[in-house]
Amino acid sequence: MQRLHAVVAGAGIGGLTAALALHRRGWHVTVCERAPEPPTTGAGIGLAPNALRALDAIGVDAARAAGSAVPATMGVRRADGRWLTRAETSYMAARYGTPPIAVPRPAFTAALAAALPAEALRYGTTVTGVDDATGRPTVRTAEGPALQADLVVAADGIHSPLRRAHFPAHPGLHYLGETAWRTLVDAPDLRIPSMSETWGRGTRFGVTPLADGRYYLYATATAPAGTRSADPRAELRHRFGAWHDPIPALLDRVDRFDPADVLQNDLYDLAAPLPRLHHGRIAWLGDAAHAMAPNLGQGGCQAIEDAVVLAHLLPSGGAADPGGGTAAVPAALAAYTTARRERTDAVRRRARRVGRLGALRHPLAAAARDLAVRATPARLALRGMDDLFNGFRLPTP
Ligand SMILES: Cc1cc2nc3c(=O)[nH]c(=O)nc-3n(C[C@H](O)[C@H](O)[C@H](O)COP(=O)(O)OP(=O)(O)OC[C@H]3O[C@@H](n4cnc5c(N)ncnc54)[C@H](O)[C@@H]3O)c2cc1C
């Protein structure tokens with residue numbers, strides 16, 4: 001008897017975590033990624049306690065694998081530098097078992113990929129469709145022969161071609177009215193002790209220290225979809241160059257970059273939840289399943305939760321598994337939808353609400369927002385995150 005075979009479409013955080021979780025459950029996995037090679041540049045990503053707990057369940061220590069710094073404090077500031085709220089990460093560590101961490105995204109995905117057998121990874125392989133009308137699905141790719149699978153994991157990101165093909169009536173994406181820039185800068189001399197997000201009027205700027213003297217910077221601004229400037233570095237300086245320290249000093253470093261090192265994405269979320277997160281033997285996860293606004297820093301974290309829960313609910317992939325095997329896959333996918341759909345959609349809706357607050361442009365509205373944040377003790381505000389940060393559970397299969 002052969003091991004069960006999973007084909008994963010997409011080698012982002014969700015796809016690689018799913019591949020690794022399934023590999024560790026004895027599955028034979030093939031990851032098809034349309035990009036010709038793994039990313040070497042890019043942004044950072046924040047991993048909240050819920051995601052770290054999920055990774056721990058499959059034996060992944062993200063901080064050790066990708067390197068991370070734990071800043072002393074994290075909070076929200078105004079453009080003049082005044083803190084609106086600030087919490088100690090030691091308090092978060094005590095409350096949630098671990099503080100949130102931030103890692104360079106390429107290092108994290110490289111660590112996940114390195115834990116898979118080399119032959120599992122097929123870069124430069126675009127999934128063009130899945131035929132699942134009868135029995136085991138067949139995965140078609142643009143570059144090579146079709147693949148037979150017991151399971152297909154659709155981790156093909158926010159624009160998920162597989163979502164569009166299998167949920168043709170779904171309304172698709174909703175533009176959130178903002179564009180975002182992300183980059184990594186080298187600035188070991190600056191020694192910034194805090195992770196911060198600074199709120200302006202319709203604009204935000206985030207600074208996250210990483211382990212190796214680099215900083216993950218992100219910025220957002222309200223703008224019509226598709227707005228692009230000739231040089232994103234000049235655009236960032238124009239919008240944020242007069243904000244509080246250390247933002248101007250960090251932007252000086254960005255100026256030394258190739259403009260291509262500054263990523264820009266317009267922000268979208270899913271206009272409505274999918275009716276279910278599976279169809280036949282295909283399971284959707286991450287942005288393909290429930291793309292959300294980045295405001296809670298949970299898109300990747302929920303992708304990780306999805307992947308770990310999915311692998312946990314599936315039968316073991318080993319040939320000797322009694323009573324499991326390929327026949328158990330459809331019921332496991334129905335259980336996956338039950339376990340994940342409600343939580344991920346609640347996070348999607350909440351992220352959209354938080355985003356609306358952050359994007360307020362009217363001076364009075366923004367001032368009232370800032371006042372309300374200042375008036376709420378940081379520890380009380382943090383408790384509002386308990387259901388997110390403490391909310392990861394492995395369901396009973
Ligand atoms: C500005 C910003 C900041 C963010 N910050 C955070 C944060 O701090 N914390 C957090 O948890 N989340 C954050 N997110 C969200 C996070 O980036 C996403 O939720 C996460 O990357 C989703 O992972 P994924 O694997 O589902 O999709 P992706 O990372 O998009 O991966 C999808 C992969 O599928 C591949 N693909 C697509 N189509 C095909 C095909 N047909 N065949 C083969 N391969 C295909 C793509 O090339 C890609 O590699 C942020 C997002 C933005 C925009």
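The values are calculated or read from the model by the stated rules, or taken from the named source; none is laboratory data. Computed from a predicted structure; not experimentally measured. In this analysis, Cβ positions are derived from the backbone assuming ideal geometry, glycine residues included, and neighbour counts consider all displayed protein chains. Just the protein is used for accessible areas: all its heavy atoms, side chains included, with ligands, DNA and RNA removed. Shrake-Rupley method; radii C 1.70, N 1.55, O 1.52, S 1.80 Å.
Only Cα sites of segment 275-397 enter the Debye sum here, all with the same form factor; the resulting log10 I(q)/I(0) across q = 0.13, 0.14 1/Å is -0.63, -0.70, listed in q order. Entry for segment 129-178 at q = 0.15, 0.19, 0.22 Å⁻¹: log10 I(q)/I(0) = -0.50, -0.72, -0.89, Debye formula applied to identical alpha-carbon scatterers, no solvent contribution.
Sequence-distant contacts, meaning Cα pairs under 8 Å at least 6 residues apart, place the relative contact order of segment 213-342 at 18 percent.
Say R0 is 25 Å: what FRET efficiency, to the nearest 0.05, do Phe257 and Ser194 get from their beta-carbon distance?
Values: r = 23 Å, r/R0 = 0.94.
With R0 = 25 Å, the Cβ-Cβ based efficiency is 0.60.
Each 5 Å bin, from zero up to the one with the longest distance, holds this percent of the alpha carbon pairs of segment 196-313: 2, 9, 17, 18, 16, 13, 10, 8, 5, 2, 0.
Taking N as the residue count of segment 1-102, its C-alpha radius of gyration divided by 2.2 N^0.38 Å amounts to 1.40.
Site pair Arg82 and Ala327 shows an inter-label distance of 6.9 nm when each label is modelled 7 Å from Cα along Cα→Cβ.
Taking the charge dipole of the chain about its Cα centre, with +1 at Lys and Arg Cβ atoms and -1 at Asp and Glu Cβ atoms, the residue from Ala375, Gly124, Ile13 reaching farthest to the positive side is Ala375. Computed in the context of the full set of protein chains, the accessible area of the chain at 1.4 Å probe radius has 54% of its extent on carbon or sulfur. Across the chain, C-alpha contacts under 8 Å between residues 6 or more apart give a mean separation that, scaled by the residue count, equals a relative contact order of 23 percent.
Considering all projection directions equally, how large on average is the shadow of the alpha-carbon convex hull of the chain, in square nanometres?
Numbers: hull surface 76.0 nm².
Here the figure is 19.0 nm², rounded to one decimal.
Could you tell me the calculated FRET efficiency between Arg276 and Thr41, based on Cβ-Cβ distance and R0 = 41 angstrom, to the nearest 0.05? It comes out at approximately 0.70. Label point of Arg136 set 7 angstrom out along Cα-Cβ; within segment 14-36, amide nitrogens under 14 Å from it belong to 28-30. The mean of 1/r over all pairs of different alpha-carbon atoms in segment 336-397, once inverted, gives a Kirkwood hydrodynamic radius of 14.0 Å.
In Å², and per residue, what accessible area does segment 293-392 have when probed at 1.4 Å with the other protein chains present?
Here the residues of segment 293-392 average 44 Å² of exposed surface.
Rounded to the nearest 500, what is the chain's calculated 222 nm mean residue ellipticity when only DSSP H runs of at least 4 contribute -39500 (n - 2.57) each, over all residues? Per the formula, -10500 deg cm²/dmol. Note on segment 136-226: Rg/Rh from Cα positions, Kirkwood definition for Rh, rounded to two decimals, is 1.17.
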